[in-house]
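The values are calculated or read from the model by the stated rules, or taken from the named source; none is laboratory data. Quantities reported herein were computed from a predicted structural model and do not represent experimental measurements. For neighbour counting, all protein chains shown are included, and Cβ atoms are generated from backbone atoms with ideal geometry for every residue, glycine included.
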Amino acid sequence: MHTNALTLLMMQLIVIIGVSRLIGRGTRWLGQPLVIAEVVAGIVLGPSLLGWLAPDLMNALFPTDSLPVLKMLSQVGLVLFMFLIGLELDPKLLKGRGHASVAISHTSIVVPFALGAVAAALWLYKDFSDPSVPFSSFVLFMGVAMSITAFPVLARILTERGLLQSRIGAIAITCAAVDDVTAWCLLAFVVSIVRASNLAQAGLTTAFAVGYIAFMLLAVRPFLARLGARVASREGLTQNVVAGTLLLLLASAWATELIGIHALFGAFLFGAVIPKEGGLAEALSEKLEDVAVVLLLPIFFAFSGLRTQIGLLNTPEAWLACGAIILLACLGKFGGSAVAARLTGMRWREAGAIGILMNTRGLMELIVLNLGLDLGVISPTLFTMMVLMALVTTFMTTPLLQLFYPTEELARDRLEVEPPAAPGSTPYTVLMCVSHQQAGPGMASLAKALSGGEGAQLHALHLVHPERVSLRTESESRALEHETEGEGALAPLLGRAKSLGLAVRPLSFVSTEPAQDICRTAEAKHADLVLLGWHKPLFSQTVLGGTVHEVMQAASGTVAVLVDRGLSDIKRVLVPFIGSRHDRAALKLARRLMRQSGAEITVLHVTSSESNGARAQVDELFPAAEGSGVRLKVVQHASPEEAALEEARNGGHDLVVVGVGAPWGLEDRVFGLQRERIVRDAPGSLLVVHESEPVVEAAVESQAAAPAVASRS
């Protein structure tokens, strides 16, 4: 079947993106950044694996005449990506870090550069470079290639591990920023030398480059500052502003390509000079990031994979050379950074962590290597060795960091643990966990009813998926922890809370383990209730599956899931009751709703002809007393679930508070193909309650706090 160019390109994109995401699932499970999956996917689709197992399939999928199209698309993707890297580099990162960052960053450039330039070049030049390549160019290129640190990968690892706000994270991200700027400037100089026909032309190219940088800083940056102020104060980021920005980006890339230092430098420089204040940089990043990272960047990885031929390493000597390159790279970057950090006064544990982080190379290394291969400075064999070095040094970062800084220590460092209040004055504390905006308002209304609006501590938690922060800067990450009602997933909750007069403390951070982080936060905040929102999952239907199931299994207290169907004012509450510990926890919450907001409580005790033992428990929990807040209704029914649904449909209740349990059709399970019937068919909002330990019996509580039973029917 004949395949035209467009059909072939569509097929290539489907395969590239699909394989990258598929492998990404596995690397995420291993705790690795997505860039590892994309590099591996590129190698899998190239001659190293697919070409070895099924050469005809690889040639059909990636014929030689289609590679120029992939190369051009990958270059467009790289231009956009380098622009985003420039947006990410906030000059504030380079200020106020002290002598430690200066010493470590300089050492982490000088030591690996020297090792790469002297040892690697003297040893590798005669075997892995073309004789036509000047020795000086090869020396300088190997030095730069060894001294690169992958700023975006490092930023993602720091945010995922919760280290960005720590001293180690701040120093590492500062050093990486300095490293990248320095390395790219050095690489621009190397490219100008390689492309120039003589030393005079190289000097002219360097002079033009310096002039262009001055023009961008002195003329373009003030203009962009005015544009950013206008975007922030007026109509926002319109399509005209985006179009104008893209035109300037392409013009900058074109200018540096014309000068002779490659288009990527122009894209990087333009992103770097855009002011980070005013929201322009953040808005542009949100607009362009997904297109660049999800669609175009995997093409670059696939193209790099097609050029990586592991089969070229077909002798023990070649593999020995590859291992030596990896060892040399680790020795220069890890060793240099760690020793420098130790000499600045850090403990060896902290210094080792700095060295591990600085040894991350990832995507930035691949960009440098592809540039070297295109220029003919390095051979395909050396290119393959260096790609493997980039993979190994990136892959080792997360497990070694986990060894140096376990998750439990990171959680304690990240969360501010609030000391318990004095006996007798412990405030009622609710942790509201919001995954999407729709869940927020109902949670605020329920928190108001539970707390009465005074004397309670209310926390709103939003966990950010790491894929949404791949290019998040330190300042943006800090802003998450001070989220206001203006934007974000917490905005509707905070807005409703403000209208109700509630003081809610927002908390948001990046999480790769949402269930564990929810439980850790609840423990740190001494939460009496962990309140989860619910929305329809992509595949599973059960309310009690996925993260909810994990939280219920791991939490040490009461967990409740709110199924919100327009919950606002809570006046009438239904509590189906048989007698399990979850039912008792539900009853305890209902009693609090009655005491704090005056809600009328109907306790539906469902019994059967065989047994009515639970009736005694209700009598014990609700001794006869004065008052009209609680009505106990006893019904005999073969199906407790059906009885609860009938009462929910006919009783006109604002909220049904029900404990987890098989009698109510609410079984705690990981996955379900059908939503629980009581959740599906109940007309109003539900609060599904899970208790990890038996609740304290109401009979032993003070008589003044006990609710009255108004009537028995």
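Couple of notes before you dig in:
- From the list ALA292, ALA255, ALA272, the lone residue that is in contact (Cβ under 8 Å) with a residue 12 or more places away in the chain, closer than 27 Å to GLN12 by Cα and crowded, with 18+ Cβ neighbours inside 10 Å is ALA292.
- Considering ALA145, ALA119, ALA155, the condition of being assigned to a helix (DSSP H, G or I) and at pLDDT 80 or above is satisfied by ALA145 alone.
- Here HIS462 clears all of (1) at pLDDT 85 or above; (2) over 15 Å from the mean Cα position of the chain (by Cα) except the condition numbered (2).
- Residue match in the range 391-408 (condition: surrounded by fewer than 18 Cβ atoms within 10 Å (Cβ to Cβ), at pLDDT below 85, among the aliphatic types (A, V, I, L, M) and more than 19 Å from ALA121 (Cβ to Cβ)): yes
- Of all residues in the range 535-571 being farther than 15 Å from GLY442 by Cβ and at pLDDT 90 or above, the one that is surrounded by the fewest Cβ atoms within 10 Å (Cβ to Cβ): THR558
- Filter result for GLY672 (surrounded by 15 or more Cβ atoms within 10 Å (Cβ to Cβ), among the small types (Gly, Ala, Ser) and at pLDDT 85 or above): no
- Qualifying residues in the range 178-199 (those that are among the small types (Gly, Ala, Ser) and closer than 18 Å to VAL133 by Cα) - the one farthest from the chain's Cα centre (by Cα): SER197
- Residue in the range 302-315 that is surrounded by fewer than 23 Cβ atoms within 10 Å (Cβ to Cβ), part of a loop (DSSP other than H, G, I, E, B) and either in contact (Cβ under 8 Å) with a residue 60 or more places away in the chain or in contact with a Leu (Cβ under 6 Å, 6 or more places away or on another chain) (or both) present: yes
- Within the range 97-154, considering residues that are more than 14 Å from ARG361 (Cβ to Cβ) and touching a Cys at 6+ places or on another chain (Cβ under 8 Å), the one surrounded by the fewest Cβ atoms within 10 Å (Cβ to Cβ): SER101
- Checking ARG221, ARG230 one by one, the residue that is assigned to a helix (DSSP H, G or I), closer than 15 Å to PHE270 by Cα and charged (D, E, K, R) is ARG221 and no other.
- Of the helices (runs of 4 or more DSSP H) that lie entirely inside the range 45-90, those containing 2 or more residues that are of a type in the set (S, T, N, Q) and either in contact (Cβ under 8 Å) with a residue 24 or more places away in the chain or buried (at least 17 other Cβ atoms within 10 Å of the Cβ) (or both) span 67-88.
- Counting only helices (runs of 4 or more DSSP H) that sit completely within the range 350-405, zero hold 3 or more residues that are on the phi < 0 side of the Ramachandran plot and not assigned by TED's automatic domain parsing to the domain that holds ARG156.
- Residues of the range 335-389 that turn out to be touching a residue at least 60 places away in the same chain (Cβ under 8 Å) and more than 21 Å from HIS106 (Cα to Cα), as a count: 23
- Residues of the range 348-374 satisfying the condition of being farther than 20 Å from ALA188 by Cβ and touching a Lys or Arg at 6+ places or on another chain (Cβ under 7 Å): TRP348, ALA351, MET358, ASN359
- Of the strands (runs of 3 or more DSSP E) lying entirely inside the range 502-605, those containing at least 2 residues that are in contact with an Asp or Glu (Cβ under 7 Å, 6 or more places away or on another chain) and within 26 Å of PRO640 (Cβ to Cβ) are 572-577.
- Here ALA439, ALA444 are screened, and the one residue that is modelled with pLDDT under 85, surrounded by 19 or more Cβ atoms within 10 Å (Cβ to Cβ) and either part of a loop (DSSP other than H, G, I, E, B) or not basic (Lys, Arg) (or both) is ALA439.
- Within the range 626-650, considering residues that are in a loop (DSSP other than H, G, I, E, B) and over 19 Å from VAL573 (Cβ atoms), the one modelled with the lowest pLDDT: GLU626
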